[in-house]
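The values are calculated or read from the model by the stated rules, or taken from the named source; none is laboratory data. Just so we're clear, the structure is a prediction, and the values are computed from it rather than from any experiment. FYI the Cβ positions are ideal-geometry reconstructions off the backbone, even for glycines, and counts take in every protein chain you see. Heavy atoms of the whole protein, side chains included, go into the accessibility calculation; ligands, DNA and RNA do not. Shrake-Rupley method; radii C 1.70, N 1.55, O 1.52, S 1.80 Å.
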Amino acid sequence: MISRAVVQTEDIGDNVEIMEFAVIREGVRIGNHVIIHPFVVIESGVVIGDNVEIFPGSYIGKVPKGAALARKPDYHKHIEIQANCSIGPNAVIYYDVQIGENTLIGDGASIRERCRIGSNCILSRYVTVNYATTVGNGTKIMDSTHITGKCSIGDNVFISICVGSTNDNAIGKLGYQEARIKGPTIEDGVAVGAGAMLMPGITIHENAIVGAGSVVTKDVPTRAVVMGSPATIKRYI
Amino acid sequence: MISRAVVQTEDIGDNVEIMEFAVIREGVRIGNHVIIHPFVVIESGVVIGDNVEIFPGSYIGKVPKGAALARKPDYHKHIEIQANCSIGPNAVIYYDVQIGENTLIGDGASIRERCRIGSNCILSRYVTVNYATTVGNGTKIMDSTHITGKCSIGDNVFISICVGSTNDNAIGKLGYQEARIKGPTIEDGVAVGAGAMLMPGITIHENAIVGAGSVVTKDVPTRAVVMGSPATIKRYI
Amino acid sequence: MISRAVVQTEDIGDNVEIMEFAVIREGVRIGNHVIIHPFVVIESGVVIGDNVEIFPGSYIGKVPKGAALARKPDYHKHIEIQANCSIGPNAVIYYDVQIGENTLIGDGASIRERCRIGSNCILSRYVTVNYATTVGNGTKIMDSTHITGKCSIGDNVFISICVGSTNDNAIGKLGYQEARIKGPTIEDGVAVGAGAMLMPGITIHENAIVGAGSVVTKDVPTRAVVMGSPATIKRYI
C-alpha cells in the first residue's frame, strides 16, 4: 500500500509497506518485506535490506553540518541498513553509516557519519554515537549512553545506561586537532556499568568489568574488575 | 477542524482539534476538547481522555520489537491516557501503558510496555522508562533520567536529572533471565539527586534522600540521607 | 519549491526551500536561502534569519504547559533564530527564545522558554536547557547534557557530554519557590568534564576546569582545577 507518501524511487522490493506521509528520495533502494511508517525521511544513497522496519519520524541520510564545527565533516553519501533491522521512532542516521543484520536502533538514537555498527546489536533509546566509531557484533549499548568519536568497540560488549565516553583530553580547550583526538578502545566481552565515564584513548581489555559510576582514566587489564573515581582494580574474574 | 489528517476512527468527542498530517488509526477513542498536533501517530487500541494535548511527532502505540532482544515482549494492544495529560513532542508511548490524569510527559520521553504511570506526575524531557515499571501519583522524574524495567516508584517521589537505574547485577553478562531481573523499589516521598545511579533490587525507603552523584548499592532506611560511591548514611532527617 | 507543505505566511525571502509536509503558521517571517525539511512545525511569532537550515521533525514555537507544573510559565510568543543557524532533526524550541548567528542546535535538543543562546555556539544532540537560562557566544555544550533553569553560562565555555546541573537545593522537597531557585553561574572560558554534576547557585569562575565525574558543591576559583565528589581543588592553571 502506498498512500499519500512521497516516493521518488522505483527500486522497491516485494511486499513493501510505505505508510502515509513518508518521504523517500530518488536513488533509495528498498528490499523485500520492508515496513516504513509515517513521517520517515530517507535521503538518496540509502540502501535498506529485507525485513527492515522503520518507525515514525526516523531520518535516514542526514548531512553533517559545518556551522560552528571545529572540523569539516568528511563522508560519502551512502548508508546501508542490512536485513531484519529495526530503526526506532525519531532515530537519526547520518550519511556514511553501515548497520549489520538483526540490529535494533532504539527511539531517537543518533549515529554520526563514518560509523560501522555490527550485526545483532542493540543501540537503545537516545544513544548517541559520534563520528568514525566502530561497534562489533552482538554488542548492546543501553539507553542515553554517549559513544564518542573515533572509538572502537568489540564484539559482545555490554555498555549500560547513562555511560559517557570522550576523545579529547584537553576538554575542548585546544580546539580541534585531528591527530590528538582518540576515543576509548573497548575490547570483546567487556561490560561497563551504569553511569561510568570513559576517558580519551584508554583501552579496556577483553572481558574486563567497569563498575557503575566509575571514572576510567587509564587502561584496564583483561578480566580486571575496576571501580571508583578514578577507577582502580578491585579483583580479576 | 480536520484537515489533511488521516483519521480512521469515528469515536471522537466534541471540540476536538486534529491538525494537519496527524494519523489516527481505527479503533482509537478520543475524548472531548482534545488537541492533536501535526505528525502525531496514534495506533489502534489507544484511548485518549478529555482535554489531552498531544504535541507534534509523538508516537502512541509502539509495538515492542524482538530483533536481537534477549526476551520476547509480552503486552496487550491497549493504551489509556487519562484526562488533562500533556504528551510532549516526539514522545513515544509503547502498547500496554496507562497514564493517570494531569500527568505531563516531556519532549521525547519514552515509556515501554506494561508501565503504569500515576496522576499528577511529570516525566520530563527524554526520560526513558523500561518495561513493567509502576510510578505512583504526584511523582516527578526530571530530564534525561532512565528508569529501569521492573522498577517500583511510589507517590510524591522526586527523581532529579540524569539519574540512572538498573535491574541486572550481572551487567548483561548472563543473558536475560526473567527471575533474576529486578529494578529498585523507591518508596513514597523519596528524593534522588542529580546523576545518582541506583543498583538492582535495592529499596530506598520512605522519605529518604539520595545525594547527587551517589552510587546506591544497598537498601536505604527511612529518612536516611545517603551520599557517595558507594553511598553511605550521612544522617537522618 | 513549495510542495504539499502548509504555508500560512507570505513573509518569505528569496530562494527559500520548503519541503513536503512542513507546517508554517501565519505570522512567521523567513529570511533568504532558508531550507525547511519535511515534518517541521513553525508556529506564529517565529522569525528565521538568512541561510538557516531546519531539519525534519523540528518543532519551533512550543507553548510551555502548565499541567502538574509547580510554576505557571511566563513567556512571550516570539522566537528569533538568527542567520546561518542549523536546527537539528526533532529539536524543540519553546516560545521566547533567541538564538544567535552561526549556532548549531543538535538532534533533539530542547530549549525552554525565556532562554538566550549566543552566536557561534553548539548545543549538541539531546541537550536540554531549562527556562530563563543564558548562554554566551562561542560556547559548546555536548550531547545529552542538561542545563538547568535560571543558569548563566559565559562565552567560550566547553561543557562536555552527560553533564547535569540543578537549581534547587531542596531536591524538590519544598515545592517551587521562585526566589529560592538558582542555577549555577559558569563564567567565560570554563571547561566542564564528562558526567560532572553542578549543584545549585554555585559559581565556576573564569577559565576553571571541572574534572570528569565531579560533583561540584561550592564555588570554584578562577583557573582552579577541581575534581572528585565533592569536588576539591587539585591545582591551578
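Taken together, the residues in the range C:95-128 that are assigned to a loop (DSSP other than H, G, I, E, B), surrounded by fewer than 24 Cβ atoms within 10 Å (Cβ to Cβ) and in contact with a Gly (Cβ under 8 Å, 6 or more places away or on another chain) amount to 6.
In this entry, B:Gly13 passes the filter for residues that are at pLDDT 95 or above, out of contact with any helix residue (DSSP H, G or I) (no Cβ under 9 Å at 6 or more places or on another chain) and more than 14 Å from C:Val41 (Cβ to Cβ). Consider C:Ala91 carefully, then state whether it is at pLDDT below 95 and at negative phi. No. Only a single criterion out of (1) open to solvent by less than 10 Å² (accessible area, probe 1.4 Å); (2) without any contact (Cβ under 8 Å) to a residue 24 or more places away in the chain is not satisfied by C:Ile87, namely (2). For the range B:7-52, residues that are within 14 Å of another protein chain (Cβ to nearest Cβ), open to solvent by 20 Å² or more (accessible area, probe 1.4 Å) and not in a loop (DSSP other than H, G, I, E, B) total 3.
Quick check on A:Gly149: is it touching a Phe, Trp or Tyr at 6+ places or on another chain (Cβ under 8 Å) and facing chain B (nearest Cβ under 10 Å)? No; evaluated as a whole, the condition is false for this residue. Here B:Gln8, B:Gln98, B:Gln82 are screened, and the one residue that is in contact with a Lys or Arg (Cβ under 7 Å, 6 or more places away or on another chain), over 30 Å from A:Val127 (Cβ atoms), modelled with pLDDT of 95 or more and among the polar types (S, T, N, Q) is B:Gln8. Given the criteria hydrophobic (A, V, I, L, M, F, W, C) and more than 21 Å from the chain's Cα centre (by Cα), does A:Val190 qualify? No.
When B:Glu178 is tested against (1) over 14 Å from B:Thr166 (Cβ atoms); (2) over 21 Å from the mean Cα position of the chain (by Cα), only condition (2) is not met. Restricting the first member to the range A:115-132 and to residues that are free of Cβ contacts under 8 Å to residues at least 24 places away in the same chain and at the interface with chain C (Cβ under 10 Å from one of its Cβ atoms), and the second to residues that are charged (D, E, K, R) and open to solvent by 10 Å² or more (accessible area, probe 1.4 Å), the beta-carbon pairs closer than 7 Å and six or more apart or on different chains are A:Val129/A:Arg112. Take the conditions (1) open to solvent by 10 Å² or more (accessible area, probe 1.4 Å); (2) more than 21 Å from the chain's Cα centre (by Cα); B:Gly57 misses just one of them, which is (2).
Residue-by-condition table, conditions (1) touching a residue at least 24 places away in the same chain (Cβ under 8 Å); (2) farther than 19 Å from A:Met199 by Cα; (3) in a strand (DSSP E or B); (4) open to solvent by less than 30 Å² (accessible area, probe 1.4 Å):
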{"site": "C:Gly138", "(1), (2), (3), (4)": "no, yes, no, yes"}
{"site": "C:Ser144", "(1), (2), (3), (4)": "no, no, no, yes"}
{"site": "C:Asp155", "(1), (2), (3), (4)": "yes, yes, no, no"}
{"site": "C:Ile171", "(1), (2), (3), (4)": "no, yes, no, no"}
{"site": "C:Lys182", "(1), (2), (3), (4)": "yes, yes, no, no"}
{"site": "C:Val225", "(1), (2), (3), (4)": "no, no, yes, yes"}
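Kindly evaluate B:Ala212 against the criterion of being part of a loop (DSSP other than H, G, I, E, B) and open to solvent by less than 20 Å² (accessible area, probe 1.4 Å). No: the conditions fail for B:Ala212. Summed over the range B:53-63, the residues that are in contact with a strand residue (DSSP E or B) (Cβ under 6 Å, 6 or more places away or on another chain) and in a loop (DSSP other than H, G, I, E, B) give a count of 2. All told, B:Ile93 falls short of being within 10 Å of the chain's Cα centre (by Cα) and within 11 Å of chain C (Cβ to nearest Cβ). Being assigned to a loop (DSSP other than H, G, I, E, B), open to solvent by 10 Å² or more (accessible area, probe 1.4 Å), over 20 Å from A:Gly106 (Cβ atoms) and free of Cβ contacts under 8 Å to residues at least 40 places away in the same chain is the requirement here; does B:Asn167 meet it? So B:Asn167 does not fit the description; no.
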